[in-house]
Amino acid sequence: MNSLKSHFVFNRSQRSGILFLVLLMTILMHVNYFYDFSSPDIMDIYSPEMKGLQKEIDSLRLVEIETRKPKRYPFNPNYMTDFKAYTLGLSPQEFDRLKDFRIKNQWVNSVADFKRVTKVSDVVLAEISPLFKFPEWVSQPKSRGNSFEQEGRAKGFTELPFNKKTDLNLATLSQLEKVSGIGKSLSKRIIDYREKLGGFSADIQLYGVWGLHQDVVKRTLHVFTVKTPKIVKPINLHQASASDIATIPGVSFDLAKEIWEFVVLRGRIESVSELEKIEGLSEAKLKLIQLYLSIEQ
């Protein structure tokens with residue numbers, strides 16, 4: 001009992017220490033109750049400054065997205081490719097209608113024509129029609145009389161009879177430039193190609209001019225034709241070497257070697273058209289070089 005009592009008996013110094021400790025704890029409790037020790041947020045995302053900064057970042061992001069979008073340039077819908085139709089939002093069926101229409105050598109000359117032929121929706125048409133660019137003779141017709149007909153013939157849209165066509169081997173730069181789709185660079189390219197060949201031997205050789213679209217070739221041949229052909233002595237495939245075949249314009253030595261090997265391995269071919277089985281020799285290419293080939297024994 002005496003030992004337990006001794007734990008509750010304090011001297012003066014001890015009592016003073018206990019009193020000071022109680023007073024200190026009371027003061028700290030009051031300080032903690034009345035004073036907020038929590039630290040303020042370093043970044044307040046809802047502050048006006050942060051909202052303004054976020055708005056600026058969003059606007060810059062939108063500008064970057066617009067910059068990365070593919071550029072759209074005016075174009076003539078008559079020469080639309082399947083890839084371009086896809087990027088513009090046309091369905092395969094709509095593009096096929098346009099392609100079938102163009103195969104018949106018919107032309108879309110207005111937005112209304114395009115809708116009638118393709119049956120495209122008004123939503124898609126409203127988006128892509130501002131990009132349509134028709135030739136000046138369509139968008140700004142001068143008259144409906146003889147001058148309109150003469151202009152159409154000059155641009156190659158109306159085929160002339162043979163006796164009224166200009167000899168392609170005598171055509172000048174200025175005459176060729178009158179055909180729709182042929183400018184200064186293409187007309188010069190045609191003349192340069194003609195000089196390289198030593199003169200055209202047949203109309204089909206016009207397809208060999210690099211960069212000349214097939215439709216432009218057709219329009220050109222409505223007005224021009226070869227009347228003074230260069231005489232070509234065909235190369236006998238059954239007697240020619242690869243080096244002989246390589247002398248044909250547009251035929252590389254590698255292609256000439258493939259043609260030679262094709263003939264040698266078969267011993268004999270019955271028609272030049274059999275060469276279309278050679279990988280890499282397109283039908284268009286074969287038509288250009290068959291002028292220089294024969295299969296005589």
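The values are calculated or read from the model by the stated rules, or taken from the named source; none is laboratory data. Please read all numbers here as calculations on a predicted model, not as lab measurements. As a convention, Cβ positions derive from the backbone with ideal geometry for all residues, glycine included, and neighbour counts pool all protein chains shown.
A few comments on the model shown:
- Elements of type helices (runs of 4 or more DSSP H) contained in the stretch 118-222, each with 3 or more residues being at pLDDT below 90 and among the charged types (D, E, K, R): 146-154
- Residues of the stretch 90-124 classified as among the aliphatic types (A, V, I, L, M) and under 20 Å from the mean Cα position of the chain (by Cα), total: 3
- For K257, the criteria (1) basic (K, R); (2) within 32 Å of the chain's Cα centre (by Cα); (3) more than 22 Å from T158 (Cα to Cα) hold in every case but one, which is (2).
- Condition met for G199 (surrounded by 16 or more Cβ atoms within 10 Å (Cβ to Cβ), touching a helix residue (DSSP H, G or I) at 6+ places or on another chain (Cβ under 6 Å) and either in contact (Cβ under 8 Å) with a residue 40 or more places away in the chain or not assigned by TED's automatic domain parsing to the domain that holds F101 (or both)): no
- Restricting I103, I128 to those that are of a type in the set (A, V, I, L, M) and closer than 22 Å to D215 by Cα reduces the list to I103.
- Single residue of the stretch 266-288 satisfying the filter (over 33 Å from the mean Cα position of the chain (by Cα) and of a type in the set (A, V, I, L, M, F, W, C)) that is surrounded by the fewest Cβ atoms within 10 Å (Cβ to Cβ): I269
- F253 modelled with pLDDT of 85 or more and surrounded by fewer than 14 Cβ atoms within 10 Å (Cβ to Cβ): yes
- Every residue from the stretch 265-289 that is among the charged types (D, E, K, R) and assigned to a helix (DSSP H, G or I): R266, E274, E276, K277, E283, K285, K287
- Residues being outside any helix (DSSP H, G or I) and surrounded by fewer than 18 Cβ atoms within 10 Å (Cβ to Cβ) - total across the stretch 239-250: 6
- Of residues in the stretch 99-117 being of a type outside the set (A, V, I, L, M), surrounded by 12 or more Cβ atoms within 10 Å (Cβ to Cβ) and assigned to a helix (DSSP H, G or I), the one modelled with the lowest pLDDT: R102
- For V216: the one exception among (1) under 26 Å from I182 (Cβ atoms); (2) aliphatic (A, V, I, L, M); (3) touching a helix residue (DSSP H, G or I) at 6+ places or on another chain (Cβ under 7 Å): (3)
- Scoring K218 on the criteria (1) surrounded by fewer than 18 Cβ atoms within 10 Å (Cβ to Cβ); (2) in the same structural domain as D192 (by TED's automatic domain parsing); (3) free of Cβ contacts under 8 Å to residues at least 24 places away in the same chain leaves a single failure, condition (3).
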